[in-house]
Amino acid sequence: MPGTIAAMTDRDRRIVAGWLFLCAALVLAIVVVGGVTRLTRSGLSIVEWQPLIGVLPPLSHADWEALFAQYRETPEFRLVNSNMTLEGFKGIFWWEYIHRLLARGIGLVFLLPLLFFQFAKKLDRALALKLWGIFVLGALQGAMGWIMVQSGLIDDPKVNPVRLSAHLGIALAIFAAELWIAMQLASPRVRPFETLAVLLPVAVFLMALSGGMVAGLRAGSAYQTFPLMNGHVVPPEVLMLEPWWRNFLYNMATVQLVHRAFFWLLAILIPLAWWQMRHTPAGNALLAAFVVQGALGIATLLMGVPVGLGAAHQGGAVLLLAAALWNAHSAGVWPAMRQVHAPA
(Lines give C-alpha, C1' and ligand atoms only; values in the text may rest on other atoms or scores of the structure.)
Protein backbone atom coordinates (compact mmCIF):
# COMPACT_ATOMS: atom_id res chain seq x y z
CA MET A 1 0.00 0.00 0.00
CA PRO A 2 1.48 3.41 -0.96
CA GLY A 3 2.47 5.58 1.95
CA THR A 4 3.10 2.73 4.40
CA ILE A 5 6.38 1.82 6.07
CA ALA A 6 7.83 -1.43 7.27
CA ALA A 7 7.88 -0.57 10.99
CA MET A 8 6.61 2.16 13.29
CA THR A 9 8.58 4.11 15.83
CA ASP A 10 7.48 4.11 19.47
CA ARG A 11 6.49 7.75 19.14
CA ASP A 12 4.30 7.04 16.12
CA ARG A 13 2.66 4.14 17.94
CA ARG A 14 1.79 6.39 20.89
CA ILE A 15 0.39 9.12 18.64
CA VAL A 16 -1.76 6.73 16.62
CA ALA A 17 -2.94 5.02 19.82
CA GLY A 18 -3.98 8.36 21.32
CA TRP A 19 -5.91 9.26 18.17
CA LEU A 20 -7.73 5.91 18.22
CA PHE A 21 -8.61 6.30 21.90
CA LEU A 22 -10.15 9.68 21.01
CA CYS A 23 -12.09 8.14 18.11
CA ALA A 24 -13.40 5.39 20.39
CA ALA A 25 -14.54 8.01 22.94
CA LEU A 26 -16.45 9.82 20.19
CA VAL A 27 -18.16 6.58 19.19
CA LEU A 28 -19.23 6.14 22.83
CA ALA A 29 -20.67 9.66 22.73
CA ILE A 30 -22.67 9.05 19.56
CA VAL A 31 -24.08 5.80 20.92
CA VAL A 32 -25.41 7.71 23.94
CA VAL A 33 -26.82 10.48 21.71
CA GLY A 34 -28.36 7.79 19.54
CA GLY A 35 -30.03 6.34 22.61
CA VAL A 36 -31.52 9.72 23.50
CA THR A 37 -32.65 10.17 19.89
CA ARG A 38 -34.44 6.84 19.97
CA LEU A 39 -35.99 7.31 23.41
CA THR A 40 -37.32 10.77 22.54
CA ARG A 41 -38.73 9.41 19.26
CA SER A 42 -36.60 11.91 17.36
CA GLY A 43 -35.02 9.56 14.85
CA LEU A 44 -37.70 9.95 12.17
CA SER A 45 -37.86 13.74 12.29
CA ILE A 46 -35.50 14.21 9.31
CA VAL A 47 -36.91 12.37 6.32
CA GLU A 48 -34.05 12.88 3.84
CA TRP A 49 -30.46 11.73 3.80
CA GLN A 50 -28.27 14.62 2.67
CA PRO A 51 -24.66 13.86 3.63
CA LEU A 52 -23.34 17.23 2.44
CA ILE A 53 -26.04 19.91 2.46
CA GLY A 54 -27.62 18.29 5.50
CA VAL A 55 -24.82 19.78 7.60
CA LEU A 56 -26.63 23.13 7.64
CA PRO A 57 -29.57 23.43 10.07
CA PRO A 58 -32.74 25.36 9.20
CA LEU A 59 -31.82 29.04 8.99
CA SER A 60 -35.22 30.66 8.54
CA HIS A 61 -38.86 30.20 9.46
CA ALA A 62 -39.52 29.08 5.89
CA ASP A 63 -36.87 26.37 6.26
CA TRP A 64 -38.54 25.12 9.42
CA GLU A 65 -41.95 25.10 7.81
CA ALA A 66 -40.62 23.11 4.84
CA LEU A 67 -39.06 20.48 7.10
CA PHE A 68 -42.17 20.29 9.26
CA ALA A 69 -44.30 19.82 6.14
CA GLN A 70 -42.14 16.84 5.15
CA TYR A 71 -42.50 15.37 8.65
CA ARG A 72 -46.29 15.77 8.53
CA GLU A 73 -46.31 13.33 5.60
CA THR A 74 -44.74 10.54 7.69
CA PRO A 75 -46.64 7.71 9.43
CA GLU A 76 -45.22 8.85 12.76
CA PHE A 77 -46.90 12.24 12.51
CA ARG A 78 -50.19 10.83 11.24
CA LEU A 79 -50.44 7.98 13.75
CA VAL A 80 -48.50 9.23 16.80
CA ASN A 81 -47.82 12.99 16.74
CA SER A 82 -50.79 14.42 14.84
CA ASN A 83 -51.18 17.20 17.42
CA MET A 84 -47.53 18.24 17.28
CA THR A 85 -46.81 21.93 16.69
CA LEU A 86 -43.81 23.45 14.96
CA GLU A 87 -42.18 24.09 18.34
CA GLY A 88 -42.64 20.46 19.29
CA PHE A 89 -41.12 19.41 15.99
CA LYS A 90 -38.07 21.54 16.69
CA GLY A 91 -37.54 19.61 19.92
CA ILE A 92 -37.25 16.24 18.19
CA PHE A 93 -35.47 17.66 15.14
CA TRP A 94 -32.47 18.90 17.11
CA TRP A 95 -31.69 15.51 18.63
CA GLU A 96 -31.63 13.81 15.23
CA TYR A 97 -29.69 16.71 13.74
CA ILE A 98 -27.06 16.53 16.51
CA HIS A 99 -26.85 12.76 16.02
CA ARG A 100 -26.19 13.13 12.28
CA LEU A 101 -23.82 16.07 12.73
CA LEU A 102 -21.81 14.14 15.32
CA ALA A 103 -21.60 11.20 12.91
CA ARG A 104 -20.17 13.46 10.21
CA GLY A 105 -17.72 14.96 12.70
CA ILE A 106 -16.53 11.53 13.78
CA GLY A 107 -15.97 10.60 10.15
CA LEU A 108 -13.73 13.63 9.64
CA VAL A 109 -11.85 13.07 12.91
CA PHE A 110 -11.08 9.58 11.69
CA LEU A 111 -10.43 10.22 7.99
CA LEU A 112 -8.26 13.35 8.05
CA PRO A 113 -5.63 12.04 10.52
CA LEU A 114 -5.70 8.68 8.75
CA LEU A 115 -4.83 10.38 5.46
CA PHE A 116 -2.04 12.32 7.18
CA PHE A 117 -0.59 9.21 8.82
CA GLN A 118 -0.82 7.36 5.52
CA PHE A 119 0.96 9.94 3.37
CA ALA A 120 3.47 10.84 6.10
CA LYS A 121 4.40 7.13 6.21
CA LYS A 122 3.61 6.76 9.89
CA LEU A 123 1.78 3.43 9.50
CA ASP A 124 3.02 -0.04 8.74
CA ARG A 125 1.14 -1.97 6.08
CA ALA A 126 -0.85 -4.25 8.40
CA LEU A 127 -2.04 -1.37 10.57
CA ALA A 128 -2.98 0.75 7.55
CA LEU A 129 -5.16 -2.04 6.20
CA LYS A 130 -6.92 -2.42 9.56
CA LEU A 131 -7.57 1.31 9.82
CA TRP A 132 -8.97 1.56 6.30
CA GLY A 133 -11.17 -1.40 7.18
CA ILE A 134 -12.56 0.60 10.10
CA PHE A 135 -13.23 3.50 7.73
CA VAL A 136 -15.21 1.20 5.44
CA LEU A 137 -17.20 0.08 8.48
CA GLY A 138 -17.90 3.73 9.25
CA ALA A 139 -19.26 4.29 5.72
CA LEU A 140 -21.39 1.17 6.10
CA GLN A 141 -22.64 2.51 9.42
CA GLY A 142 -23.86 5.71 7.80
CA ALA A 143 -25.66 3.78 5.08
CA MET A 144 -27.21 1.42 7.63
CA GLY A 145 -28.43 4.39 9.65
CA TRP A 146 -30.37 5.69 6.66
CA ILE A 147 -31.67 2.21 5.79
CA MET A 148 -32.89 1.97 9.38
CA VAL A 149 -34.64 5.35 9.23
CA GLN A 150 -36.29 4.49 5.92
CA SER A 151 -37.96 1.47 7.54
CA GLY A 152 -39.92 3.83 9.78
CA LEU A 153 -41.04 6.17 7.00
CA ILE A 154 -43.22 3.76 5.03
CA ASP A 155 -46.17 2.35 6.98
CA ASP A 156 -45.21 1.57 10.57
CA PRO A 157 -43.99 4.61 12.59
CA LYS A 158 -41.03 2.79 14.11
CA VAL A 159 -37.80 1.49 12.70
CA ASN A 160 -37.20 -2.16 11.95
CA PRO A 161 -35.65 -3.76 15.09
CA VAL A 162 -33.22 -5.88 13.05
CA ARG A 163 -31.93 -2.81 11.22
CA LEU A 164 -31.66 -0.90 14.48
CA SER A 165 -29.63 -3.73 16.01
CA ALA A 166 -27.42 -3.84 12.91
CA HIS A 167 -26.86 -0.09 13.21
CA LEU A 168 -25.88 -0.49 16.86
CA GLY A 169 -23.78 -3.56 16.14
CA ILE A 170 -21.67 -1.80 13.51
CA ALA A 171 -21.07 1.09 15.92
CA LEU A 172 -19.93 -1.35 18.60
CA ALA A 173 -17.68 -3.15 16.10
CA ILE A 174 -16.04 0.16 15.18
CA PHE A 175 -15.61 1.05 18.85
CA ALA A 176 -14.12 -2.36 19.68
CA ALA A 177 -11.72 -2.29 16.72
CA GLU A 178 -10.48 1.22 17.53
CA LEU A 179 -10.05 0.47 21.22
CA TRP A 180 -8.35 -2.88 20.66
CA ILE A 181 -5.85 -1.54 18.12
CA ALA A 182 -5.10 1.42 20.40
CA MET A 183 -4.40 -0.90 23.33
CA GLN A 184 -2.20 -3.11 21.16
CA LEU A 185 -0.20 -0.10 20.04
CA ALA A 186 0.15 1.24 23.56
CA SER A 187 1.10 -2.12 25.13
CA PRO A 188 1.52 -5.20 22.91
CA ARG A 189 0.51 -8.62 24.22
CA VAL A 190 3.26 -10.95 25.42
CA ARG A 191 1.38 -14.25 25.69
CA PRO A 192 -1.64 -16.02 24.10
CA PHE A 193 -5.19 -15.05 24.97
CA GLU A 194 -7.02 -16.48 27.95
CA THR A 195 -10.11 -18.33 26.72
CA LEU A 196 -12.54 -16.82 29.23
CA ALA A 197 -11.11 -13.33 28.74
CA VAL A 198 -11.69 -13.61 24.98
CA LEU A 199 -15.22 -14.97 25.32
CA LEU A 200 -16.40 -12.07 27.49
CA PRO A 201 -16.22 -9.28 24.84
CA VAL A 202 -18.11 -11.57 22.46
CA ALA A 203 -20.81 -12.24 25.08
CA VAL A 204 -21.08 -8.53 25.92
CA PHE A 205 -21.36 -7.68 22.22
CA LEU A 206 -24.16 -10.22 21.75
CA MET A 207 -25.95 -8.95 24.85
CA ALA A 208 -25.79 -5.42 23.44
CA LEU A 209 -27.24 -6.62 20.14
CA SER A 210 -30.08 -8.30 22.01
CA GLY A 211 -30.59 -4.98 23.79
CA GLY A 212 -30.92 -3.37 20.38
CA MET A 213 -33.71 -5.81 19.59
CA VAL A 214 -35.40 -4.94 22.90
CA ALA A 215 -35.12 -1.25 22.04
CA GLY A 216 -36.35 -1.74 18.49
CA LEU A 217 -39.48 -3.58 19.64
CA ARG A 218 -39.85 -1.29 22.67
CA ALA A 219 -39.97 -4.51 24.66
CA GLY A 220 -38.73 -2.69 27.75
CA SER A 221 -42.31 -1.46 28.20
CA ALA A 222 -43.42 -5.07 28.71
CA TYR A 223 -42.58 -7.40 31.62
CA GLN A 224 -41.42 -4.57 33.86
CA THR A 225 -40.61 -6.87 36.78
CA PHE A 226 -37.35 -8.43 37.90
CA PRO A 227 -36.01 -11.09 38.30
CA LEU A 228 -39.18 -12.82 37.03
CA MET A 229 -41.08 -11.74 33.93
CA ASN A 230 -44.59 -11.07 35.24
CA GLY A 231 -44.23 -14.02 37.59
CA HIS A 232 -42.58 -16.38 35.08
CA VAL A 233 -39.01 -17.47 34.53
CA VAL A 234 -39.99 -18.12 30.91
CA PRO A 235 -43.21 -16.36 29.85
CA PRO A 236 -45.71 -18.60 28.05
CA GLU A 237 -45.80 -16.17 25.10
CA VAL A 238 -42.18 -16.74 24.01
CA LEU A 239 -43.12 -19.05 21.11
CA MET A 240 -46.49 -17.61 20.12
CA LEU A 241 -45.40 -16.61 16.57
CA GLU A 242 -45.06 -18.93 13.59
CA PRO A 243 -42.62 -19.94 12.29
CA TRP A 244 -40.70 -20.23 15.56
CA TRP A 245 -37.71 -18.11 14.49
CA ARG A 246 -39.89 -15.00 14.13
CA ASN A 247 -40.18 -14.89 17.91
CA PHE A 248 -36.50 -13.93 18.17
CA LEU A 249 -37.09 -10.95 15.89
CA TYR A 250 -40.61 -9.71 16.61
CA ASN A 251 -41.81 -11.12 19.94
CA MET A 252 -41.36 -8.78 22.92
CA ALA A 253 -41.32 -11.64 25.40
CA THR A 254 -38.68 -13.59 23.50
CA VAL A 255 -36.27 -10.74 22.83
CA GLN A 256 -36.45 -9.58 26.44
CA LEU A 257 -35.92 -13.16 27.65
CA VAL A 258 -32.84 -13.48 25.43
CA HIS A 259 -31.48 -10.18 26.76
CA ARG A 260 -31.99 -11.35 30.34
CA ALA A 261 -30.38 -14.70 29.53
CA PHE A 262 -27.21 -12.91 28.44
CA PHE A 263 -27.29 -10.92 31.67
CA TRP A 264 -27.45 -14.08 33.77
CA LEU A 265 -24.69 -15.69 31.70
CA LEU A 266 -22.44 -12.70 32.31
CA ALA A 267 -23.42 -12.73 35.99
CA ILE A 268 -21.64 -16.10 36.12
CA LEU A 269 -18.74 -15.50 33.75
CA ILE A 270 -17.65 -12.03 34.85
CA PRO A 271 -17.06 -12.91 38.54
CA LEU A 272 -15.00 -15.89 37.33
CA ALA A 273 -12.99 -13.63 35.05
CA TRP A 274 -12.59 -11.11 37.84
CA TRP A 275 -11.22 -13.77 40.17
CA GLN A 276 -8.55 -14.63 37.60
CA MET A 277 -7.65 -10.96 37.11
CA ARG A 278 -8.55 -9.55 40.55
CA HIS A 279 -5.06 -8.12 41.04
CA THR A 280 -5.31 -6.00 37.88
CA PRO A 281 -7.02 -2.66 37.26
CA ALA A 282 -8.73 -4.17 34.20
CA GLY A 283 -10.24 -7.05 36.17
CA ASN A 284 -11.65 -4.72 38.81
CA ALA A 285 -12.95 -2.32 36.15
CA LEU A 286 -14.73 -5.22 34.44
CA LEU A 287 -16.55 -6.24 37.61
CA ALA A 288 -17.46 -2.64 38.46
CA ALA A 289 -18.74 -1.94 34.94
CA PHE A 290 -20.93 -5.04 35.03
CA VAL A 291 -22.43 -4.17 38.42
CA VAL A 292 -23.21 -0.61 37.29
CA GLN A 293 -24.61 -1.76 33.95
CA GLY A 294 -26.76 -4.42 35.62
CA ALA A 295 -28.12 -1.86 38.09
CA LEU A 296 -28.86 0.57 35.25
CA GLY A 297 -30.65 -2.12 33.27
CA ILE A 298 -32.83 -3.20 36.19
CA ALA A 299 -33.64 0.39 37.15
CA THR A 300 -34.46 1.28 33.54
CA LEU A 301 -36.87 -1.66 33.32
CA LEU A 302 -38.59 -1.10 36.66
CA MET A 303 -39.01 2.65 36.11
CA GLY A 304 -40.59 2.31 32.66
CA VAL A 305 -37.57 3.24 30.50
CA PRO A 306 -37.08 6.93 31.30
CA VAL A 307 -34.92 8.77 28.79
CA GLY A 308 -32.00 9.48 31.12
CA LEU A 309 -31.69 5.95 32.45
CA GLY A 310 -32.26 4.39 29.05
CA ALA A 311 -29.48 6.45 27.48
CA ALA A 312 -27.17 5.71 30.42
CA HIS A 313 -27.89 2.00 30.03
CA GLN A 314 -27.01 2.15 26.33
CA GLY A 315 -23.78 3.98 27.11
CA GLY A 316 -23.09 1.52 29.90
CA ALA A 317 -23.12 -1.32 27.37
CA VAL A 318 -20.28 0.37 25.49
CA LEU A 319 -18.31 0.89 28.70
CA LEU A 320 -18.83 -2.75 29.67
CA LEU A 321 -17.55 -3.79 26.25
CA ALA A 322 -14.53 -1.53 26.76
CA ALA A 323 -13.86 -3.11 30.16
CA ALA A 324 -14.15 -6.62 28.69
CA LEU A 325 -11.71 -5.72 25.93
CA TRP A 326 -9.31 -4.16 28.43
CA ASN A 327 -9.52 -7.29 30.55
CA ALA A 328 -8.80 -9.52 27.52
CA HIS A 329 -5.83 -7.36 26.57
CA SER A 330 -4.50 -7.24 30.12
CA ALA A 331 -4.61 -11.02 30.35
CA GLY A 332 -1.85 -10.96 27.74
CA VAL A 333 0.30 -8.17 29.18
CA TRP A 334 -0.16 -8.43 32.95
CA PRO A 335 2.23 -11.39 33.50
CA ALA A 336 5.11 -9.41 32.00
CA MET A 337 4.19 -6.27 33.96
CA ARG A 338 3.99 -8.26 37.17
CA GLN A 339 7.41 -9.77 36.49
CA VAL A 340 8.95 -6.37 35.82
CA HIS A 341 7.52 -4.84 38.99
CA ALA A 342 8.17 -7.85 41.23
CA PRO A 343 10.62 -7.27 44.09
CA ALA A 344 14.11 -8.59 43.46
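The values are calculated or read from the model by the stated rules, or taken from the named source; none is laboratory data. Just so it is clear, the structure is predicted and the values come from calculations on it, not from any experiment. A quick note on method: Cβ atoms are made from the backbone with ideal geometry, for glycine too, and the neighbour counts reach across all protein chains shown. We work out accessible area using only protein heavy atoms, side chains counted, and drop any ligands, DNA or RNA first. Shrake-Rupley method; radii C 1.70, N 1.55, O 1.52, S 1.80 Å.
Numbers at a glance
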| item | result |
| --- | --- |
| Yes/no for GLY91 being open to solvent by less than 70 Å² (accessible area, probe 1.4 Å), more than 30 Å from ALA177 (Cβ to Cβ) and not acidic (Asp, Glu) | yes |
| Selection count, segment 237-277, where residues are in contact with an Asp or Glu (Cβ under 9 Å, 6 or more places away or on another chain) and open to solvent by 60 Å² or more (accessible area, probe 1.4 Å) | 2 |
| Of all residues in segment 177-205 being of a type in the set (Gly, Ala, Ser) and open to solvent by 20 Å² or more (accessible area, probe 1.4 Å), the one that is modelled with the lowest pLDDT | SER187 |
| Residue list for segment 278-300, filter: exposed (fewer than 14 other Cβ atoms within 10 Å of the Cβ) and of a type in the set (Gly, Ala, Ser) | ALA295 |
| Whichever residue in segment 11-23 is of a type in the set (A, V, I, L, M) and surrounded by fewer than 22 Cβ atoms within 10 Å (Cβ to Cβ) and, among such residues, is farthest from LEU185 (Cα to Cα) | LEU22 |
| Residue within segment 63-80 that is without any contact (Cβ under 8 Å) to a residue 40 or more places away in the chain, open to solvent by 50 Å² or more (accessible area, probe 1.4 Å) and within 23 Å of CYS23 (Cβ to Cβ) present | no |
| Search result, residues across segment 123-140 that are open to solvent by less than 50 Å² (accessible area, probe 1.4 Å) and in a helix (DSSP H, G or I) | LEU127, ALA128, LEU131, GLY133, ILE134, GLY138 |
| Candidates GLY304, GLY294, GLY310, filtered to the one that is within 16 Å of GLY220 (Cα to Cα) and outside any helix (DSSP H, G or I) | GLY304 |
| Some residue of segment 102-110 being within 20 Å of ALA29 (Cα to Cα), open to solvent by less than 40 Å² (accessible area, probe 1.4 Å), touching a residue at least 24 places away in the same chain (Cβ under 8 Å) and of a type in the set (A, V, I, L, M) | yes |
